[in-house]
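Structure provided below as structure tokens; questions to follow.
The values are calculated or read from the model by the stated rules, or taken from the named source; none is laboratory data. Please read these numbers as outputs of a predicted model, since none were measured by experiment. In this analysis, Cβ positions are derived from the backbone assuming ideal geometry, glycine residues included, and neighbour counts consider all displayed protein chains. To get the accessible areas, we keep the full protein, side chains included, count just its heavy atoms, and leave off ligands, DNA and RNA. Shrake-Rupley method; radii C 1.70, N 1.55, O 1.52, S 1.80 Å.
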Amino acid sequence: MRALRILLIIVVILGGLFVLADRLAVGFAEDEAAGKLQNTENLATAPDVSINGFPFLTQVASGTLDDVEVGIKDYEATAGTNGKTIRIDDLKANMKGVEFSGDYSSATAATATGTASITYAELLKTAKSEPTQVAPGVTASVIGLSDGGNGKIKVAVEATVLGTKLPEPVYVLSSVTAQGDTVRVKADTLPNFGGVDIAEAKARAITDFQQNIEGLPGGIQLDRVQAAKTGVEITVRGSNVRLAG
């Protein structure tokens, strides 16, 4: 019995040491991965990286990590070909089947899904904010975006008719969709500017707009978008997503 008790104590101690070593190793790996991702994506601050699953050391031995979560607070994505960028907030991605090289210099996820958001203030930069003529004697411009409820964006349009600014903005509800790497906002109905007849094409030149979002981390792509309380919520997905290298 004494020998059995000693054996059990040794097993418990060794098990505890293994768990401790495993957790120390995963912490070190998360810090290394965050640093490499920061350098690869030219991030201002290191992202949050969490390597899930236990034990970690057996995953390392296999060369594949089952589940890795990445969080980036602010990310400047490319907005078309004119050198402009658009800020993506709270990007959170879940990576599955992450294979890494023998020297840990590169890592690629088999699949990735995630979420992020774009504030209405950021998206407003894309809309026509300069007064534009939509009919003889009538100019209009978008001055605000907000939550319209039921997945719609409320677009506020300021108009001037025959030199007189309308006392209140004209509001239209718009649908938002993702098509490829582009977020599109399209008015469900056309605005009425003081009863003046305006051609649909002229009105939509003000109310409708689109925003390209390119160069997301690792090559992930837009999947879906939906209007929310403080901005547009987006979901992303990808395959063979590069985390480093």
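Once you keep just the Cα pairs under 8 angstrom separated by 6 or more residues, what percentage relative contact order results for region 97-245?
Values: 339 pairs, mean separation 45.0, N = 149.
The value is 30 percent.
Which FRET efficiency value, to the nearest 0.05, is calculated for Lys96 and Leu173 with the Förster distance at 41 angstrom and r the Cβ-Cβ distance?
The value I calculate is 0.65.
For the chain, what % of the accessible area comes from carbon and sulfur atoms, probe 1.4 Å? Working shown, then result.
Working: 7310 of 13410 Å².
Answer for the chain is 55 percent, counting heavy atoms of protein chains only.
Pairing the Cα long axis of helix 2-41 with the longest principal axis of the chain, what angle in degrees results, from 0 to 90 and rounded to the nearest 10?
30
Using the C-alpha atoms of region 99-245, what convex hull volume per residue, in cubic angstrom, is computed?
106
Excluding ligands, DNA and RNA, what is the solvent-accessible area per residue of the chain at a probe of 1.4 Å, expressed in Å²?
55
Kirkwood hydrodynamic radius, computed over distinct alpha-carbon pairs, for region 169-245: how many Å, to one decimal?
One decimal place: 14.6 Å for the Kirkwood radius.
Under a GNM of the chain (C-alpha, springs under 10 Å), which listed residue has the highest mean-square fluctuation: Glu214, Glu158, Glu130?
Comparing Glu214, Glu158, Glu130 in the GNM, the peak value goes to Glu130.
Follow-up question, since we're still on this one. Counting Lys and Arg as +1 and Asp and Glu as -1, each charge on the Cβ, what is the dipole of the chain about the Cα centre in debye, to the nearest 20?
Numbers: 22 positive and 28 negative charges, 61 e Å.
Charge dipole, the chain, about its Cα centre: 300 debye, nearest 20.
Let me ask something else about it. Compute the length gained on full extension between Asp188 and Gln221: take 0.36 nm times their separation in residues and subtract their Cα-Cα distance, giving the result in nm to one decimal.
Result for the pair: 9.3 nm of gain on full extension.
Can you compute the radius of gyration and Dmax for the chain, using only the Cα atoms, both in Å?
25.7, 101
Of Lys36/Lys229; Lys125/Lys202; Lys202/Lys229, which sit over 26 Å apart, Cα to Cα?
Beyond 26 Å between Cα atoms: Lys36/Lys229; Lys202/Lys229.
Work out Dmax and Rg for region 45-135 from the C-alpha atoms and quote the Rg first, both in angstrom.
19.1, 69
Return the FRET efficiency for the residue pair Asn150, Thr40: r is the Cβ-Cβ distance, R0 is 35 Å, and the value is rounded to the nearest 0.05.
0.35
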